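Colleague: Take this structure first; my questions come after.
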Amino acid sequence: MSSKPLPTLPILPGATLGILGGGQLGRMFTIAARTMGYKVMVLDPDFASPAGQMADVHLQADYTDHGALKQLGAACAAVTTEFENVPAASLIELSNHCRVSPGAAAVAIAQDRSHEKSWLREQGFATAPFALIDGEADLEAALAATGTPALLKVSRFGYDGKGQARIGTLNDARAAFREFGGQPCVLEGFVKLEREVSVVLARSDASECALFPVAENRHENGILDVSIVPARVPDSLAQQARDMARAIADKLGYVGVMAVEFFVVGGQLMVNEIAPRPHNSGHYTLDACVTDQFEQQVRALAGLPLGDTRLLSPVAMVNILGDRWHNGGPHWDALLAHDNIKLHLYGKEAARPGRKMGHFNVLDADLETALKLAEQMRHAL
């Protein structure tokens, strides 16, 4: 890859921005960037990628393809990512020839659960009890440390409930570890969970940080189901979550949009995961905030001032999974009959159970009214 001067910030409309990953997060980034006047190049191996449909150029290639990376680095003033499992080596290669945000070092921590948990502990952030598993011989001592029940999770490439198993006995742990192919794992102890919350934020090169309102999240089968904003927690706890999320971003030296997921246990916060990208629980921002998380991703990548994160309306966000395409659904007429519901579909061709196909936001001046209608529509679909 031939070298070129790195761009002067800010990078203004008319320039080309790149993104590694072509799923729904990449699609919404692409829409935001093109709305703001940028050209967009997407690198993703899937010929039908949702982001590729919206981009000026779709490079259909693997994330380690040197020719594709060369083309991306030559064409783009800056490149970002839509998911954490992009090889860090690809980010390093690109960073020699264009601006890359977030940087490879932060992504390398967040993309490996073992590294992430260890880093959080080293930095003094509270987490659920955990133990690192490098081989089957580690399981017995790990179970003694975490207690049962526990969750065994693969260190890499696990998401939305995939790559994890509930453990009750040592035999369960051995069977699950073998099923995962003996790859490195983390064993996490259960906690008495009161609720789950998350904070999406953006951080600039100048260490400016813009934090979105705290979301309260409910999951089903390991997949986010509903986000409720503002979270129904004490103001002091919401502020603590925002402060902890900012502290994590500062310690990582992070530039870009990221999310931090928390458990609320005994009125205290424990960090669950870091996502070095926009987040499913931040989709409410598309309709309920002055600036949404994808415009914010563009702004951070381009070195622009970060946007206003004020909440304009209480909101409940509901994920739409591929399961809805069975038994005669989805029933869009029921959803779209309401003038305060905003529908977002991701352009995915194949609907599969558990696959995120879209979401909708319900806005109302009263949060409980928004949540009630969201739950009604969740069933009506």
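Colleague: With the requirement that a residue be farther than 19 Å from residue 215 by Cα and among the basic types (Lys, Arg), what does the stretch 323-355 give you?
Modeller: 324, 348, 352, 355
Colleague: For the stretch 234-335, which strands (runs of 3 or more DSSP E) that fit wholly inside it have 1 or more residues that are within 24 Å of residue 365 (Cβ to Cβ)? If you could, list the steps in order and put the result at the bottom.
Modeller: Values: elements: 256-265, 268-275, 315-321.
Correct list: 315-321.
Colleague: Among 16, 8, 30, 35, which is under 18 Å from residue 256 (Cα atoms) and loosely packed, with under 15 Cβ neighbours inside 10 Å?
Modeller: Values: 16 fails: loosely packed, with under 15 Cβ neighbours inside 10 Å; 30 fails: loosely packed, with under 15 Cβ neighbours inside 10 Å; 35 fails: under 18 Å from residue 256 (Cα atoms).
When all the criteria are applied, what remains is 8.
Colleague: Could you check the stretch 113-132 and list, in sequence order, the residues that are among the aliphatic types (A, V, I, L, M) and in contact with a helix residue (DSSP H, G or I) (Cβ under 6 Å, 6 or more places away or on another chain)? Break it down stepwise before answering.
Modeller: Initial filter on the stretch 113-132 (among the aliphatic types (A, V, I, L, M)): 120, 126, 128, 131-132.
Answer for the stretch 113-132, where residues must be among the aliphatic types (A, V, I, L, M) and in contact with a helix residue (DSSP H, G or I) (Cβ under 6 Å, 6 or more places away or on another chain): 131, 132.
Colleague: Quick one: would you say residue 83 is of a type outside the set (Lys, Arg), under 23 Å from residue 349 (Cβ atoms) and at pLDDT below 95?
Modeller: Numbers: of a type outside the set (Lys, Arg): yes; under 23 Å from residue 349 (Cβ atoms): yes; at pLDDT below 95: yes.
In short, yes.
Colleague: For the stretch 94-102, indicate whether the set of residues that are surrounded by 16 or more Cβ atoms within 10 Å (Cβ to Cβ), of a type in the set (A, V, I, L, M, F, W, C), touching a Gly at 6+ places or on another chain (Cβ under 7 Å) and modelled with pLDDT of 95 or more is non-empty.
Modeller: Looking for residues that are surrounded by 16 or more Cβ atoms within 10 Å (Cβ to Cβ), of a type in the set (A, V, I, L, M, F, W, C), touching a Gly at 6+ places or on another chain (Cβ under 7 Å) and modelled with pLDDT of 95 or more, one finds at least one in the stretch 94-102, hence yes.
Colleague: Given the conditions (1) at pLDDT 95 or above; (2) within 25 Å of residue 138 (Cα to Cα); (3) surrounded by 15 or more Cβ atoms within 10 Å (Cβ to Cβ), report the number of the one that residue 171 does not fulfil.
Modeller: Only one criterion is unmet by residue 171, namely (3).
Colleague: Across the stretch 281-319, what is the number of residues that are buried (at least 24 other Cβ atoms within 10 Å of the Cβ), more than 17 Å from residue 255 (Cα to Cα) and out of contact with any helix residue (DSSP H, G or I) (no Cβ under 6 Å at 6 or more places or on another chain)?
Modeller: 6
Colleague: In this structure, is residue 203 closer than 30 Å to residue 100 by Cβ and assigned by TED's automatic domain parsing to the domain that holds residue 286?
Modeller: Yes: the conditions hold for residue 203.
Here's the yes/no breakdown for (1) more than 23 Å from residue 354 (Cα to Cα); (2) assigned to a helix (DSSP H, G or I); (3) free of Cβ contacts under 8 Å to residues at least 40 places away in the same chain; (4) among the acidic types (Asp, Glu):
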{"site": "114", "(1), (2), (3), (4)": "yes, yes, no, no"}
{"site": "120", "(1), (2), (3), (4)": "yes, yes, no, no"}
{"site": "128", "(1), (2), (3), (4)": "yes, no, no, no"}
{"site": "137", "(1), (2), (3), (4)": "yes, yes, yes, no"}
{"site": "141", "(1), (2), (3), (4)": "yes, yes, yes, no"}
{"site": "156", "(1), (2), (3), (4)": "no, no, no, no"}
{"site": "166", "(1), (2), (3), (4)": "no, no, yes, no"}
{"site": "171", "(1), (2), (3), (4)": "yes, yes, yes, no"}
{"site": "174", "(1), (2), (3), (4)": "yes, yes, yes, no"}
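Colleague: For the stretch 249-268, give me each residue that is closer than 20 Å to residue 124 by Cβ and either surrounded by 24 or more Cβ atoms within 10 Å (Cβ to Cβ) or without any contact (Cβ under 8 Å) to a residue 60 or more places away in the chain (or both).
Modeller: 249, 250, 254, 258, 260, 262
Colleague: Which condition number in (1) farther than 15 Å from residue 228 by Cβ; (2) outside any loop (DSSP other than H, G, I, E, B); (3) without any contact (Cβ under 8 Å) to a residue 60 or more places away in the chain is the one that residue 360 fails?
Modeller: (1)
The values are calculated or read from the model by the stated rules, or taken from the named source; none is laboratory data. Treat the numbers as computed from the prediction; the structure is a model and nothing was measured. As a convention, Cβ positions derive from the backbone with ideal geometry for all residues, glycine included, and neighbour counts pool all protein chains shown.
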